[in-house]
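Following: one structure in C-alpha cells, then a few remarks.
Taken together, the values in this text are just the output of simple stated rules run on the coordinates, not laboratory data. Bear in mind the structure is a predicted one, so any value in this text is a computation, not a measurement. For neighbour counting, all protein chains shown are included, and Cβ atoms are generated from backbone atoms with ideal geometry for every residue, glycine included.
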Amino acid sequence: MNTPRDEANPVIRRTLRLLLASALAATAIAAAQAAQPVVAPASAASVAWSQFGNGPSHTGVNAAETQIIPSTVGALTPLFTATLPGVSDGPPVEQPGVATAGGTRDLLFTTTKDGWITATDATTGAEVWKHQNGPGSCKINNGSTTCYTTSSPAVDPSGAYVYSYGLDGKVHKYATGSGAETTSGGWPEVATVKPYDEKSSPALTIVTTGGHTYLYVANGGYPGDRGDYQGHVTTIDLGTGAQRVFNTLCSNLTGHIAAGGCANVQSAVWARPSVVWDAGTQRILFSTGNSVFDGTRNFGDTVLAINPDGSGANGGPVDSYTPSNYASLNAADLDLGSTAPQVVAPPAGSNLTHLAVQSGKDAKIRLLNTANLSGQGHPGATGGELQSIDVPQGGQVLTQPANWVDGAGTSWVFIANNSGISALKLQSTNGTPSLVPVWQQATAGTTPIVAGGVLFYLSRNGVRALNPATGAQLWTDSAGASGLHWQSPIVVNGRLYFTDGGGKLRAYALPASAQKVGRLAGVDRFGTSAAVSAATYPANAPVAYVASGLQFPDALSGSPAAARAGGPMLLVQPGAVPPAVQTELQRLHPAKIVVLGGPNSIADSVLTQLKSYTTGTVTRVSGGDRYDTSAAVSSATATTGPAVAYVVSGESFPDALAAGALAARTAGAPLLLTAGSWIPAPTVTELQRLAPKSIVVVGGPAAVSDAVLNGLKAYTTGSVTRVSGSDRFATAAAAAGAFPAGTASAFVASGVDFPDALSASAAAGTSGAPLLLTLGGAVPDGVAAQLSRLGPTHIALIGGDSVVSDGVQAALGAYVK
C-alpha cells in the first residue's frame, strides 16, 4: 500500500634613469585609492533553496548558512506569519534576487493541496502573485472526495521559472517574478492521464547533468489503495520539452498508461523527494510502494535506478534492489517506498564510495551500494543490502532522512518519524561501511534538515533546533504545530521558514545583534572551497575559476581575477572533481569555467568532466611554470595602465592571500608572482605590457628582496612600495589597513596552511572585504588590532575547527560591532 500517513634567472637589470626621480613619491595603495572611488563593501551573496532537500540529492543540508549557527540559533524570533490561499502540505522553496513589478525581492514559493502556486516576499510575507490549477471536477477514484496534492514546487537553475504540479494532472511553468505561465513548447506538461486515480504526492526534482536539465514528477495513488495506478516517474527535458515515462509496473511501456492499459496496478512512487540524484553513479534513484514484483517488468517494493533522461535498460531499470522478504512486505502493507533512498557520504576508509540508506514502513534502515544495488551486478535480483538495522526510535518511516558531514568528516544520518528522532553515523571497519546509532529522542516529527551546523525539524510540540552531534535542544518555538503532516522547514540566508496545517507560512530571523561570526567549512579543503562559494555567489554565476587544491601557486593570481569577474575559486584534485565541488558547480551553473594551471596540476580529464557543469566554455590558463601561469592570468584579465600592480612571492603563499583581496578592489589590477631575489622573465614581460601607474609589493624583504623592489622600478612611472609586517599575520593586517573602518565584513582564515584561504581570497575580494590570517588556536595581536579598527558587522571564518579552533571563532566575536 502507498497510503501517506503522518511524514632561473638573475636579477633583471634595467636602467632606472628618469624613473628613479619619481619612484619614492607615494605609496601605491594611496595612488590606487586616488585613482578610483572606494567601492562600498558588499555582504555575502544570498543563496537559493530551490527544491526539496536543498538540491537534487535532497540531503537536507545547507552548508552555506553562516548566520543561524549553534551560537546564535537561540536568538531566533518571529519575522512574519503569512496566510496562504490554502494549506500547503510540504516545504516552501526559495529564490533570492527575483525581479518583480515591486522591485527585486527574495521570494518563497509554495504549492497548496488545492492546486495554488503562490509567490511570497521572503522578507515581509507579502503576497506577490498566485495561480490555481484546481481540482475542477476531479474526484478521487471517481467518487465524492475532491482530488488534492501534497507536492512541493521547484525553481529552474536559471532562477527565471518555477514549476508546480496542478490538479489537472499537469506540471505548470511560471515566470518567478511575474507569475506569467508558459503555454507553448509542450507546457503545461502532462504528468498523468488519470489524475483521479494517480496522486502526485512528492516534491518536484530538478537535475542538471550532461548539458541537460531535467524535471522529474512522480505519481502514486490516493489513500485507500483503490483505482488504476501503476506508479511512475515522468522525466521532462527542460531544454526541449520532450519527456519519458518510467512505469514501475509494466515497465516496458514508456508512456503514460491509460486506464486498463496495464494488468497490474497500485504500486506508487510517493516518498517525499520523488527521485534522488546520485552524482557518484550519475543515476536517478527512487523507491516504490507495495505491489507485484517479478524482477522483469513489475517492481513493487523496490529501489530503482534509471538514467538521468528517464530511460531504463531492456524494458526495465538500469539497476534495482528488492528486499528478499518483498512478498511479506506486500502482504502486510509495509511499503519499502514510504521513503526514498538517501545518498550518503561514505565514511573514511570505506572500500565502497557510493552509498545510500533506505528505510520504510517496516521500521528498518538498509545500507545499500548504489553502484551495485543488489550486489549481483544486474537489476531484478533480491537481497544484497550491506546492512539492515532497526530504526533506533522504532516505528515506520514516512519522512526523508538528512545526511550531514561534520567538520571532522563524519557522515551522519538523521531520521524523524512518529516515534521520535534519531542520529546515526557511518563508520568503516576494515573497509566495510556500516551505520551506528548515536542518540535518539521520543519527540516525533517530520523530515529533518541541517543548516549552519544546527539540526531542525517540525514536531507536534513545535519547531525544534538541536545539536546534531548530541541531540541537545538549542531552541524551540511552539507555533505551527497544529495539523502537522508532511510539512518540513527550510533554513536559508539567515531565515527559517515552514508552512503549517492551518494554511500559514511562518518565518523566523535573527536580530542583528545575534549575527556575529559564521564559519564556512567542509569536510576537507575541497568541501570548504564549495562552502565558501555557496555562501558568496548566487546561481548562474558568470564564471567559476578552478585550481589545484594540492598546491598553491596557480590559484594565487587567479583569486583577484575570479573576484572581479564575479565567480568563485574552487579547488579540485589533479584527476577528479570532488563530490562537494560537483554539487556546488551544479548549483552555480556558471556561464563558463576557467581552469588555472597545466596538465601536471589538473588533468585534461578534469576539464572534460567540468564541461557538464556549464553551457559555455571550459578553458585552461597556464604557463611553463608558476610565474608564467601568473603572467598568463594577468594577460587574460588585467587591462593596460592599471592604477596599481601587486607583486608577491611565488615561493610561499601567505602574503599573496591577503594581497588577493586587496588587488580585487582595484579595477584591472593584477597579482603577479616573483622569485625572492630575482624577477622572472614572464613577470617582466607582463609588467612591460601593463605599464602600471604604480607597483605594490606585499611581503617583507625575507619574501621579496629589496633588490627585486628596486628592479621593479623600471616598469612603472610611479611609486614602488612595500606593504609588510613582522610576519605573515602582521603583513595580512597591514594589507587590511587599506580598507576603511566600518567595512561591513571581514574574512579570517588559517595562515599556517594554504588551501582554505585560496577560496577565501576570492570571496573576500568579491565581498569588498579584507582577508586576515590567524593561528589555529589564537588570534595574533596585529590581526586583533586591525579587526578592532575595522569594526565589521560580520566575520566569515574559513575552515573547519581542526584548522581554526572554536576558541578562535568565539574570540573573533569580540571584534564584531
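Remarks
- The chain - share of DSSP beta bridges that are antiparallel (%, nearest 5): 75 percent
- Charge dipole magnitude, Cβ of K and R +1, D and E -1 - the chain, Cα centre, debye nearest 20: 1660 debye
- Under 15 Å from the Cα of K139 - aspartates and glutamates, other chains or at least 8 residues apart: D114, D168, D197, E198, D225, D228
- Take the Cα radius of gyration of the chain and divide it by 2.2 N^0.38 Å, N being the number of residues; the result is 0.99.
- Normalised by the number of residues in the stretch 79-446, the mean separation of alpha-carbon contacts (under 8 Å, six or more apart) gives a relative contact order of 9 percent.
- Packing here is the average count of other Cβ atoms within 10 Å per residue, and on that basis the peptides 289-301, 557-569, highest first, run 557-569, 289-301.
- Dipole moment magnitude, nearest 20 debye, the stretch 79-446 about Cα centre, only Lys, Arg, Asp, Glu C-beta charged: 100 debye
- Taking every alpha-carbon pair in the stretch 79-446 and binning the separations at 20 Å intervals from zero gives 30, 59, 12 percent.
- Part-to-part distance (alpha-carbon centres) for the stretch 491-553 and the stretch 111-166, which is given in Å: 27 Å
- With 0.36 nm allotted per residue and the present C-alpha distance subtracted, the D806-N600 stretch has 70.5 nm of extension available.
- Cross-link reach list, lysines versus K592, counting only Cα pairs under 19 Å and skipping chain neighbours closer than eight places: K611
- Under 16 Å from the Cα of K130 - lysines, other chains or at least 8 residues apart: K113, K173, K504
- Protection proxy ranking, highest mean first, for peptides 315-321, 151-157: 151-157, 315-321, where packing is the per-residue count of other beta-carbon atoms within 10 Å, averaged.
- Alpha carbon centroid spacing (whole Å) that separates the stretch 675-709 from the stretch 788-805: 31 Å
- Taking packing as the residue-averaged number of other Cβ atoms within 10 angstrom, the listed peptides 350-358, 625-633, 337-345, 71-79 run from highest to lowest as 337-345, 625-633, 350-358, 71-79.
- Under the simplified labelling scheme, the D309-T145 pair shows an inter-label distance of 4.0 nm, with each label point 7 Å from Cα along Cα→Cβ.
- Efficiency of FRET from Cβ geometry, T240 and S677, R₀ 56 Å, rounded to 0.05: 0.40
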